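First the structure, in the form of structure tokens, and then the observations on it.
The values are calculated or read from the model by the stated rules, or taken from the named source; none is laboratory data. All values derive from a computational prediction rather than experimental measurement. Using ideal geometry, Cβ is built from the backbone for each residue, glycine included, and neighbour counts are taken over all protein chains shown.
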Amino acid sequence: MKTARGMVAALLIATASISYFKYERLLQPIPSGGQHYIVLDETVWPHAGPGLEDLRIYAAEKEIPYMLTIERGGLAIEQKKISVLQPGTLNGKTQFLLDMSDISRYDRVELKLRTTNFVAHARVEGSDDPHGVGWSNLGTTTLYDLSDEKLGHNSALHIPVTTYKYLRVWIDNFVKPVDVESASAGMNLEEKAVWRDLNSEPQHTQQGRDTIFIVSIPKNVPIERVLLSIDPSQTNFRRDVEIQSDNGMWFGSGELSRIHLNRNGQRIDVEQPWLDVGGTGPGPFKIIVHNGDDAPLKVTGVHLQQYERRIYFDSEPGASLSLYYGDEKLGPPIYDYAKLFQRDASAEQVQLSAEEQNAAFSGRPDDRPWSERHPAVLWVSIIAAVMILGGIALRSMKPTAT
């Protein structure tokens, strides 16, 4: 009986239902089919789970899978398939051309090779004329496949950032011309972080030589950067800054700087108007600028920032969707969509409406044991049992008449 009750409770905790969510936000009508995304704002965090694990999207009663991303930026590799031309053998080496004319810039070529268990050197040359005489040497790469030893493989040609329309590749004859199946090329692309400003109204005070800004944000909202706007007229400064909670907890420190100087014929240009921090609301937070013996900085704005959080999903055109949250017992979703997620560069942003109470909210069934749901009845029963047992004990202690 106890095991069955526990299984029912586990099912209740694991299952999402519209009636279990306290809050709802409508999505604007979907203009077209395909991948879209919404941007989460600070309204969501105070009423959602700390890790946003209870967010769900529904179209009527149908749950829509999604992928939550944090736009921290990073590196991405853009790859394009390229043509392998004239593979053959010359002077005991495998030689072939790669047509790079469809790629403006690149710094790596990935070869698909049929052969295994080898080590070979590959020399790469570049030219804009496939029939030209003068080819530039772009370096040598060691290609290998150590499958039998379970030590991995490398089939990538690493070269300087290049714009040549053709590459000529020479490989030791451990790799035959027929082993070169295909090739693709690309280069590392830096994806910039996407920041969003949090709504905040800083209070400005001056305490001795320190400039202090006091800000506050809603509960559980993460802060990842503080950006200070400094009047452009103020140049050549470096100031120590620290960030503390109202009770003195440390959240970050660093320097603000703006340097534009000429030294020994060299130009120095430095701009560092932000600090990386780690913390969550509610505040207040203190941003303390230590001015030393210099005049206070002319700060024209204080911006609390976080990486943009996006929810990507696929939808039919014209679909009516809602974002739900506020179920404290719901864990994070597990979707195939998230496991296999591929970002579509043409994905369009969909706006969220204001937060509303979910009209369909009824709450989860009470899955606590009967004794926890009815403590008064339990205690009355216990007291009654004690009194009955006490009465029996007293009766048994009376002397028996002879």
Output for Cβ contacts, cut-off 8 Å, separation at least six or different chains, first residue exposed (fewer than 11 other Cβ atoms within 10 Å of the Cβ) in the range 322-347, second not in a loop (DSSP other than H, G, I, E, B), reads S346/G34; S346/Q35
Exercise for the section: State yes or no: is P130 more than 30 Å from E190 (Cβ to Cβ), free of Cβ contacts under 8 Å to residues at least 60 places away in the same chain and either surrounded by 17 or more Cβ atoms within 10 Å (Cβ to Cβ) or not acidic (D, E) (or both)? Expected result: yes
When restricted to G186, G126, G152, the only residue of a type in the set (G, A, S), at pLDDT below 90 and in contact with a Lys or Arg (Cβ under 9 Å, 6 or more places away or on another chain) is G186
Taking the range 81-111 and the residues there that are part of a loop (DSSP other than H, G, I, E, B) and not hydroxyl-bearing (S, T, Y), the one that is surrounded by the most Cβ atoms within 10 Å (Cβ to Cβ) would be M100
Here the qualifying pairs (Cβ atoms under 7 Å; residues six or more apart or on different chains; first in the range 49-72 and under 16 Å from I18 (Cα atoms) and in the same structural domain as V39 (by TED's automatic domain parsing); second surrounded by fewer than 17 Cβ atoms within 10 Å (Cβ to Cβ) and aromatic (F, W, Y)) come out as P65/Y335; P65/Y337
Here the residues within the range 189-229 that are closer than 30 Å to A156 by Cβ and either of a type in the set (F, W, Y) or at pLDDT 90 or above (or both) are A193, V194
Counting only strands (runs of 3 or more DSSP E) entirely within the range 232-282, those with at least 3 residues that are in contact with a strand residue (DSSP E or B) (Cβ under 6 Å, 6 or more places away or on another chain), of a type in the set (G, A, S) and under 24 Å from D294 (Cβ atoms) are 250-263
Going through the range 292-318 in order, the residues found to be assigned to a loop (DSSP other than H, G, I, E, B) and either without any contact (Cβ under 8 Å) to a residue 12 or more places away in the chain or surrounded by fewer than 17 Cβ atoms within 10 Å (Cβ to Cβ) (or both) are G292, D293, D294, A295, P296, K298, E316, P317, G318
Taking the range 39-59 and the residues there that are assigned to a strand (DSSP E or B) and out of contact with any Lys or Arg (no Cβ under 7 Å at 6 or more places or on another chain), the one that is surrounded by the fewest Cβ atoms within 10 Å (Cβ to Cβ) would be A59
Restricted to the range 160-188 and to residues being under 38 Å from the mean Cα position of the chain (by Cα) and in a loop (DSSP other than H, G, I, E, B), the residue surrounded by the most Cβ atoms within 10 Å (Cβ to Cβ) is Y164
Of the residues in the range 1-28 that are part of a loop (DSSP other than H, G, I, E, B) and under 30 Å from Q305 (Cβ atoms), the one that is modelled with the lowest pLDDT is Q28
Scanning the range 214-231 for residues that are in contact with a Ser or Thr (Cβ under 8 Å, 6 or more places away or on another chain) and in a strand (DSSP E or B), the one surrounded by the fewest Cβ atoms within 10 Å (Cβ to Cβ) turns out to be S229
Flagged in the range 84-103 as in contact (Cβ under 8 Å) with a residue 24 or more places away in the chain and within 25 Å of V161 (Cβ to Cβ), in numbering order, are V84, L85, Q95, F96, L97, L98, D99, M100, S101, I103
Taking the range 333-354 and keeping residues in a strand (DSSP E or B) and in contact with an Asp or Glu (Cβ under 8 Å, 6 or more places away or on another chain) leaves L352
Across (1) in contact with a Ser or Thr (Cβ under 8 Å, 6 or more places away or on another chain); (2) at pLDDT 95 or above; (3) of a type in the set (A, V, I, L, M); (4) assigned by TED's automatic domain parsing to the domain that holds S184, V109 clears everything bar (2)
Margin query: modelled with pLDDT of 95 or more and either surrounded by fewer than 17 Cβ atoms within 10 Å (Cβ to Cβ) or touching a strand residue (DSSP E or B) at 6+ places or on another chain (Cβ under 6 Å) (or both): is that true of P31 in this structure?
Written below: no
